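For reference, the structure discussed in these notes is given below.
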Amino acid sequence: MAPIYQLRIDLAGAKPPIWRRILISSVDTLYDLHCAIQNAMGWTNSHLHSFESGDSSYGMADVEDEFDEFETLDEKRYTIAHLLSYEGDTLLYVYDFGDDWEHKIKLEKIITEKINNPLPRCIKGKNACPPEDVGGLWGYYGMLEVLRDPDNPEREEYLEWLGGKFDPEYINLEKINALMSEGCIDFW
């Protein structure tokens, strides 16, 4: 049996912190990890992404990207264990090169005993993920400021765009794990 990794995924720069703790097989590919992050954070897999470790970049090697100055290694050819070997190891995951959502991934624990729940699985987290296309962290914080002000003329536009409501502290592990069990939304 391959070891199971307990990973903590933090949205870099978020205050208050936005993070998820997931369990995933060490032999899953980086693409599988990408899918797990998408579901755990609440993203929709509608933008380019990459994993950064040392001087190497891993991602969708078959997609042309005007932002990519260096060779991108195919994320489907590398397992998570290729980049994370020891507790405390980290790597960077960047999603949406326009909004630039940077996620720090840390290998917290290597589990060698059998887990009876399906993997990948989100076991804990804190705070809601920002909505897609909000304009990065600065855009997200601006949106939250508008939503807190009932007199702001932009408030109704945001509420309509968000589907009527948004609670920045809400996280639903049951829904996240249901999404994780379905796999990746394959936008590309």
Using a Debye calculation, one point per C-alpha and no hydration shell, please list log10 I(q)/I(0) for segment 60-150 at q = 0.18, 0.20, 0.21, 0.22 Å⁻¹ in order. -1.11, -1.20, -1.24, -1.27
Please identify the chymotrypsin sites (Phe, Trp or Tyr not before Pro) of segment 76-119 that satisfy two criteria: DSSP loop assignment and at most 11 other Cβ atoms within 10 Å. Which are they? TYR86
Of LEU23, GLY135, CYS184, which is farthest towards the positive pole of the chain's charge dipole, taken about the Cα centre with +1 and -1 on the beta-carbons of Lys, Arg and Asp, Glu respectively? LEU23
How much accessible surface does TYR170 have with a 1.4 Å probe, in Å² rounded to 10? 130 Å²
Using a 1.4 Å probe, what is the accessible area per residue for the chain, in Å²? 56 Å²
Determine the dipole magnitude for the chain: charges of +1 sit on the beta-carbon of Lys and Arg, -1 on that of Asp and Glu, nothing else is charged, the reference point is the Cα centre, and the result goes in debye to the nearest 20. 1360 debye
For segment 109-178, what's the relative contact order in percent, using C-alpha pairs closer than 8 Å and at least 6 residues apart? 44 percent
Using a Gaussian network model of the chain with C-alpha springs under 10 Å, which one of ILE176, ILE115, ILE37 is most mobile by mean-square fluctuation? ILE115
Of the labelled options [x] 26, 19, 15; [y] 29, 20, 14; [z] 31, 20, 15, which one gives semi-axes √(5λ) of the Cα gyration tensor in Å as computed for this structure? [y]
Taking a ≥ b ≥ c as the square roots of the eigenvalues of the Cα gyration tensor of segment 85-132, is the shape rounded (a/c under 1.5), prolate (a/b larger than b/c) or oblate? oblate
If the cut-off is a Cα-Cα distance under 21 Å, which lysines reach LYS126, setting aside same-chain residues fewer than 8 apart in sequence? LYS15, LYS104, LYS106, LYS109, LYS165, LYS175
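The values are calculated or read from the model by the stated rules, or taken from the named source; none is laboratory data. Computed from a predicted structure; not experimentally measured. No Cβ is skipped: glycine too gets one built from the backbone with ideal geometry, and neighbour counts run over all protein chains shown. Protein only, heavy atoms only, side chains kept; ligands, DNA and RNA dropped before computing areas. Shrake-Rupley method; radii C 1.70, N 1.55, O 1.52, S 1.80 Å.
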